[in-house]
Structure formats: C-alpha cells, structure tokens
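A quick write-up on the structure given underneath.
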Amino acid sequence: MAAIPHTSRERTYALAAIYQVTMLVDELAHQGQANAEEIEAVLSGLFVMNPEETFAVYGEPQLLLKGLKMLRGDFSKQDSETLYNATRYALMLIGLEKQLTRNRGMLATLATELEGVKRQIDHFSLLHETVLSRLDQIYQQTLSTIHPRIIVKGSNHHLARPENAARIRALLLAGVRAVVLWRQCRGNRFQLIFGRGKLVAEAAKMVAETEV
C-alpha cells in the first residue's frame, strides 16, 4: 500500500467519512431513509484497497459534505440527539477497528469477501439490494462477532425492515474502512478531544471550497 499523507486536511477528510457514515446510520435508524448519493459515497471506499493518495478513497471532498458540515458544527439544539448518536457510533467504530487489526484471519476474510462483492458491482449497482445484502452478511459474519457489538438505537419499525437493516450494517462496515483511513492519516482519540479545533477549521475551509 502506498504511504498515506497525514496532514490535518487528510485527517479531516477521513474523519468526515466516519461521521458521514454514523449520521446516515442514525437517519436510517430513526427516519427509515437517507440520501442515496451520500450512502454510495462512503460505501465506495470499501473497494479502494490500495489508494495512492487519501482523496482517492472517496473522491472529491464534496461527496463527504454531510460529514464535513458535522465537523464544522452545523447543528442546532434540535440536532443534539443526532450529534450525540453519531459521535457515539464513531467512537465505537474506532474501538471496533482497533480490535479488528489484531485479528489477521478476519482481515484476510474481509479482503477476500470484498473482492467478491467488487465483482458483483460489475453487474449490479453499488446500492442494488443484492450488493447491500452481501455487505450485510459480511458484516454479520465478521465484525458483528467482535464484542462489544455496536447496538444501533432508533425506531423499531425502521430497524425491523430487512432492507433498512442491511443498509445500516453495510454502512457500519464502511465506517470501519473509514477508521482505517483515519488511522493511516495518524488520526487518534487524542486529536478528537484536544485537536478538534484544527479539524473544525479545516472542515470549514473544505466546505467553503465546495460552495465556491
């Protein structure tokens, strides 16, 4: 794998992907729907195995606008529960990825399975139910077996729908991939707590660039 840059901009990009995943998970859990383009943007990163640069994983930063705006702080008081849930999921994904890196067998299984899904995408779209169902299965057979498991909270009505549950698990799988990129960019919990100012400032700059 090519060396991944670890400037503040790269870290912000990776963290925006994590938060975009967690916000989409929360939307699906509470509302039963989420923006298809935003979902596709983060799922696409699952199939970029050896990027030559950080921005090759998800494409242009504008595709991660939801995550960037969250980092910038575009939230009202009414959004406090969404912010809390998204942050909670992000921290759980970071912990999950840390455990995954210690399990070489599972890492190899994930790589093999995702290569198989990549071949499916040659015949189906990334958001086709066949592809999402397979990503769902992969998550359940691998990451879902690591404890503590990520428990998604929301409306029982929405969570009980198989197609919605599949999207949520596929997104959690993509979330772990985003954490891998975050780690490669030298991201860590310390920066989330004490270096947040730099990340917020960089996110604001990146959002402004997309709105030009």
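Every read-out reported here was derived from the displayed coordinates using simple, explicitly stated rules and does not represent laboratory data. Note that this is a predicted model, so its numbers are computed, not measured. Positions of Cβ are generated from backbone atoms using ideal geometry, with glycine treated the same way; all protein chains shown enter the neighbour counts.
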Taking 57-67, 190-200 and ranking on average Cβ neighbours within 10 Å, highest first, one gets 57-67, 190-200
Among Val25, Val176, which comes first, second and so on when ranked by fewest other beta-carbon atoms within 10 Å?
-> Val176, Val25
Which residue, chosen from Leu24, Asn35, Gly175, occupies the Cα position most advanced towards the positive end of the dipole of the chain, where the dipole is computed from +1 (Lys, Arg) and -1 (Asp, Glu) charges on Cβ about the Cα centre?
-> Gly175
Given the Cα-Cα distance of Thr7 and Gln120 and 0.36 nm per residue of separation, how much length would full extension add, in nm?
-> 37.2 nm
Given the options Leu159, Leu132, Leu43, which has the most mean-square fluctuation in a GNM of the chain, springs set between C-alpha atoms less than 10 angstrom apart?
-> Leu159
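Can you give the direction-averaged projected area of the convex hull of the alpha-carbon atoms in segment 108-147, in nm²? Don't jump to the answer; show the numbers that get you there.
Values: hull surface 10.9 nm².
Over every viewing direction, the Cα hull of segment 108-147 projects on average to 2.7 nm².
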For segment 54-140, how big is the tail of P(r) above 22 Å, as a whole percent of Cα pairs?
-> 51
Applied in sequence order to segment 66-73, the curve 6.51 cos²θ - 1.76 cosθ + 1.60 (Karplus, θ = phi - 60°) yields integer Hz couplings, x standing for Gly and Pro, of 4, x, 5, 5, 5, 5, 5, x
Along segment 126-132, Karplus-curve 3J(HN,Hα) (6.51, -1.76, 1.60; θ = phi - 60°) to the nearest Hz, with x for Gly and Pro, reads 4, 9, 5, 4, 5, 5, 4
Relative packing of 201-209, 28-36, which averages over residues the other C-beta atoms within 10 Å, highest first = 201-209, 28-36
Dipole size in debye (nearest 20) for segment 1-117 around its Cα centre, Lys and Arg Cβ +1, Asp and Glu Cβ -1?
-> 520
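Given Cβ point charges of +1 (Lys, Arg) and -1 (Asp, Glu) and nothing else, what value in debye, to the nearest 20, does the dipole of the chain about its Cα centre take? Intermediate values should be presented prior to the final figure.
Working: 25 positive and 22 negative charges, 192 e Å.
The dipole of the chain has a size of about 920 debye.
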Using only the Cα atoms of segment 91-162, build the gyration tensor, take square roots of its eigenvalues as a ≥ b ≥ c, and label the shape rounded, prolate or oblate: rounded if a/c is under 1.5, else prolate if a/b is larger than b/c, else oblate.
-> oblate
Distant alpha-carbon pairs in segment 82-212 (separation over 25 angstrom), percent = 36
